[in-house]
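Before any comments, here is the structure.
The values are calculated or read from the model by the stated rules, or taken from the named source; none is laboratory data. Being a predicted model, the structure only gives us computed values, none of them experimental. Positions of Cβ are generated from backbone atoms using ideal geometry, with glycine treated the same way; all protein chains shown enter the neighbour counts. Quick note on the areas: whole protein, heavy atoms, side chains included, nothing else; ligands and nucleic acids left out. Shrake-Rupley method; radii C 1.70, N 1.55, O 1.52, S 1.80 Å.
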Amino acid sequence: QVQLVESGGGLVQPGGSLRLSCAASGSIYSINAMGWYRQAPGKQRELVATITYGGNTRYADSVKERFTISRDNAKNTVYLQMNSLKPEDTAVYYCQIESRARHLGSYFNYWGQGTQVTVSS
């Protein structure tokens, strides 16, 4: 079994910054992609950013040049640095990883429990 523990959410004023962390543990042999998604009230879950094991990144257009995704492979942890936050960034943020439990095993997707980010004055 794989557990993902997220932290770093909270209430911030527009223009402020937050840093989210997501640490993975459990039956992990290797992790391929890691990412962050978000879901605002009444909306579908959407991709925010992803990062491969080698460090290649992809961002939603709405967060480019404001958010930065990074990872620490030794700690099985992914981060999301969010700057210049806007009210429309308000959502529950979920981390997601693609990992396998053994060498040459199949990869499976796992999700964190979500952390609330609220941008409001």
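Structural descriptor for the chain: relative contact order 36 percent, calculated from alpha carbon pairs under 8 angstrom and at least 6 residues apart. In a reduced charge model with +1 at each Lys and Arg Cβ and -1 at each Asp and Glu Cβ, the chain shows a dipole moment near 160 debye about its Cα centre.
Comparing 36, 2, 93 along the charge dipole axis of the chain, the residue lying farthest to the positive side is 2, per the Cβ-charge model. The alpha-carbon of residue 43 sits under 21 angstrom from the alpha-carbons of these lysines, leaving out residues fewer than 8 places away in its chain: 64, 86. Starting from the Cα gyration tensor of region 36-99, take the square roots of the eigenvalues, sort them a ≥ b ≥ c, and report rounded, prolate or oblate (rounded when a/c is under 1.5, otherwise prolate if a/b is larger than b/c, else oblate). Since a/c reaches 1.5 and a/b is larger than b/c, the shape of region 36-99 is classed as prolate.
If you sort 4, 11 by accessible surface, 1.4 Å probe, largest first, the order is 11, 4. Heavy atoms of the protein chains alone define the surface here; on that basis the chain has 55 Å² accessible area per residue at 1.4 Å probe size.
When the Cα positions of 118, 68, 103 are compared along the charge dipole of region 63-121, 103 comes out farthest toward the positive end, with charges on each C-beta of Lys, Arg, Asp and Glu.
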